[in-house]
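Nothing in this text is a laboratory measurement; each read-out follows from the coordinates by a stated rule. This one's a predicted model, so the numbers in the text were calculated from it and none came from an experiment. Here the Cβ is made from the backbone with ideal geometry for all residues, glycine too, and neighbour counts use every protein chain on show.
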Amino acid sequence: MAKLQYPPQGGEKRLCLTLFCTMMLSVLSAVAIIYSIVIVYIPSLDVLGSTLQGPKMCTTLELKGNLSGDEECDGWWSCEEWCLSKSGKSCSHVKAAVRELGTTVYWDGCNFNETGDGFIDHVCNTLEDIKPMNCKLYGYEKDSEGNPGLKDKCIQFNDNVISCMSGICKNVSLVYDCTYTSKLDELIEQNDGRGYCNCAMCNNKHFGPNVTKAKYPGECLPEVALCYGPDADRLNDTMKKMCSKVGCFNCRDICHEREECFDMDSRKDPTIIGTDEYGNSVLVYYECRNGYCSEIYDLVCERRCDSRMFSTLLKNSMLFIGERVIMAECSKRSTVNVSSLDEGDTRSETLMIACTNVTIDREARTMISQDCVNGTWFEDNFNGGSTNYSYLTEAYSEMRELDENKVDGISYEEDITIYNSSKMKINIEGCVNTLAKECMAFHHNYGKDGRNYTARAVYPCFYDPFDSNFVVVNFDPDHTLVLLIMFVTIPFGIMILSCSYMCGCSRFIHVADDGHMRLRCCGKYVTGIGNVPKWDPPPPRKSLMKNGPEDDPNL
């Protein structure tokens with residue numbers, strides 16, 4: 001009688017699935033370890049082995065973006081989104097000055113009454129704060145994101161300087177007061193270089209004011225040159241009659257033909273304003289009068305703070321906190337080391353200072369300002385009691401350089417500077433691996449270098465007292481150590497467990513001749529439930545069993 005050569009074995013599917021999962025985990029953990037060498041292990045060891053100290057205070061000096069090539073990048077970058085992709089082909093550079101923390105100043109007995117010319121606490125707008133206006137669509141039309149157009153407001157631009165890119169414009173006049181040269185005004189003054197293609201020549205003594213205004217075809221026609229050129233005085237009556245039908249060209253037509261002037265009320269012009277000859281988006285500045293805008297150049301702008309005039313009457317305390325301006329009358333100003341900044345000074349002068357943060361307690365009538373530098377004495381009722389933002393900041397930058405105006409007991413930036421200029425990086429590597437647009441936020445927060453008369457970014461940073469080459473914004477050895485331990489224990493632990501399991505399986509799993517897996521321990525098969533037994537000899541075939549057991553050769 002046939003006997004079982006291999007006992008039946010249950011759970012074969014579960015055994016195969018477990019082996020597959022452990023093999024997959026071992027491969028994934030090996031890949032994670034390889035990648036972690038570059039993005040975790042080496043950077044973490046660099047952080048733990050560094051001699052960075054801080055935090056200190058950094059002030060952004062310069063931002064250079066969209067650099068490319070080995071020569072411009074010079075082998076370093078301030079922030080790249082993916083460490084494995086940094087190659088030096090493109091980069092951005094931020095440079096900053098490093099200094100000690102400034103002085104904390106206490107302001108007591110302050111008048112916070114904002115009525116009339118009292119307390120002032122105002123944040124000035126920058127171009128980043130100005131909302132872009134879609135001049136291509138009317139209010140009842142919407143763009144791809146569902147935002148309504150603002151063409152109705154663009155048509156109302158009058159005595160404004162605007163900047164446009166592909167029909168998306170900003171009102172620059174809300175932030176700056178500019179002088180410039182208009183290409184339309186230049187065209188009128190120069191008479192198009194020849195005189196006879198200019199609208200000013202239309203109303204001449206030969207043809208009167210009723211001459212036909214023709215659209216400028218892009219160049220002056222010979223007939224126009226004859227009728228309005230330097231030989232116009234010698235024309236006979238027949239020629240004059242013919243010239244009266246030729247017409248002349250309007251300066252706006254010439255400017256419009258050159259795509260240097262645009263009418264915001266038209267349907268086409270707002271779609272191409274702020275583009276180059278190939279239709280690519282470019283930043284261009286324009287002067288607008290009653291909705292008709294002409295391109296300008298040679299801009300010289302003066303910063304304004306929402307067109308506001310600041311009253312300096314009865315205010316002896318002025319603070320600059322970035323773009324924020326605070327003016328108040330306070331009875332006492334002091335620091336930790338100086339009980340009263342007014343002691344020994346018989347003059348009642350106004351104190352102007354630049355700080356990083358300020359806390360106002362209206363009930364206690366006090367202010368506490370941190371990290372203050374460059375305290376400067378100003379005369380009372382500065383500038384006759386009224387001034388604008390640009391003149392105030394310009395006077396402050398000049399007067400703080402004079403020794404007689406410096407306030408004793410308040411740190412001066414030049415006295416507490418550690419490094420005059422260093423490379424600013426987001427971390428030691430100058431890159432991040434989160435792919436969460438950290439570099440975009442980095443440049444937005446730390447890339448403000450004072451251009452366009454705006455405030456420079458001031459922020460905590462970490463420096464190396466033995467190396468002035470670079471400073472970093474993010475530096476946390478404790479968090480780095482936790483991250484390193486996690487990325488070591490988890491992948492290595494998974495790999496050790498999975499490899500140990502597979503090694504154990506190689507000792508106990510037996511693949512029989514029938515292709516099925518069975519557990520084998522101590523030379524014996526571990527039995528179970530199932531339906532995959534192998535018979536030795538094989539069981540009789542059904543065809544033979546029909547004829548009787550005696551016909552089966554295996555019996």
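Rounded to 0.05, the FRET efficiency of the Met165 and Glu141 pair, given R0 = 25 Å and the Cβ-Cβ distance, is 0.85. Residues whose amide H lies under 5 Å from that of Glu62, counting only those 5 or more places away or on a different chain, are Lys95; hydrogens are built 1.01 Å from N in the peptide plane.
The modelled label-to-label distance between Thr181 and Met309, using points 7 Å beyond Cα along the C-beta direction, is 3.3 nm. Phi angles across the range 457-468 convert, under the Karplus curve 6.51 cos²θ - 1.76 cosθ + 1.60 with θ = phi - 60°, into 3J(HN,Hα) values of 6, 10, 7, x, 8, 10, 10, 9, x, 9, 8, 8 Hz, Gly and Pro given as x. Annotation: amide H-H contacts under 5 Å for Val471 (H modelled 1.01 Å from N, sequence separation of 5 or more, or interchain): Lys423, Met424, Lys425. Annotation for the range 357-465: GluC sites (Glu not before Pro) lying in DSSP loop with at most 10 further Cβ atoms inside 10 Å of their Cβ are Glu363. Among Thr417, Thr434, Thr480, the order by Cβ neighbours within 10 angstrom, fewest to most, reads Thr434, Thr417, Thr480. A simple spin-label model places the labels of Asp408 and Thr359 3.0 nm from each other, with each point 7 Å out along Cα-to-Cβ. For the range 47-156, the set of trypsin sites (Lys or Arg not before Pro) satisfying both a DSSP loop assignment and a count of at most 12 other C-beta atoms within 10 Å is given as Lys89. Extending 7 Å from the Cα toward the beta-carbon at both Asn158 and Leu483 defines two label points whose distance is 5.7 nm. Between Asp380 and Thr350, the built amide H atoms are under 5 Å apart, and every one of these is 5 or more places off in sequence or on another chain. Given their separation in residues at 0.36 nm each and the Cα-Cα distance between them, Leu28 and His444 gain 146.1 nm when the chain is fully extended. Phi angles of the range 291-305 translate, via the Karplus equation with coefficients 6.51, -1.76, 1.60 and θ = phi - 60°, into HN-Hα couplings of x, 9, 10, 10, 5, 10, 8, 6, 6, 10, 10, 10, 5, 10, 10 Hz per residue; Gly and Pro are given as x.
Looking at the range 428-514, the trypsin sites (Lys or Arg not before Pro) that sit in a DSSP loop and have at most 16 other Cβ atoms within 10 Å of their own Cβ are Lys437. What's the FRET efficiency of Lys13 with Asp70 using the Cβ-Cβ distance as r and R₀ = 41 Å, to the nearest 0.05? That gives a FRET efficiency of 0.10. In order along the range 478-490, the phi-based Karplus estimate (6.51 cos²θ - 1.76 cosθ + 1.60, θ = phi - 60°) of 3J(HN,Hα) comes to 5, 5, 5, 5, 4, 5, 5, 4, 5, 6, 8, 5, 5 Hz; Gly and Pro are listed as x. Of the cross-linked pairs Lys64/Lys86; Lys170/Lys448; Lys56/Lys86; Lys131/Lys423; Lys136/Lys448, those separated by over 22 Å at the C-alpha level are Lys56/Lys86; Lys131/Lys423; Lys136/Lys448.
Kindly identify the range 358-464 as rounded, prolate or oblate by the Cα gyration tensor criterion: order the square roots of the eigenvalues as a ≥ b ≥ c, call it rounded if a/c is under 1.5, otherwise compare a/b with b/c, prolate if a/b is larger, else oblate. Taking the square roots of the gyration eigenvalues as a ≥ b ≥ c, the range 358-464 is prolate. In a fully extended conformation the segment linking Glu394 and Cys499 would gain 30.7 nm over its present Cα-Cα distance, using 0.36 nm per residue. Stretching the chain fully between Ala436 and Glu277 yields a gain of 53.6 nm (0.36 nm per residue, less the alpha carbon separation).
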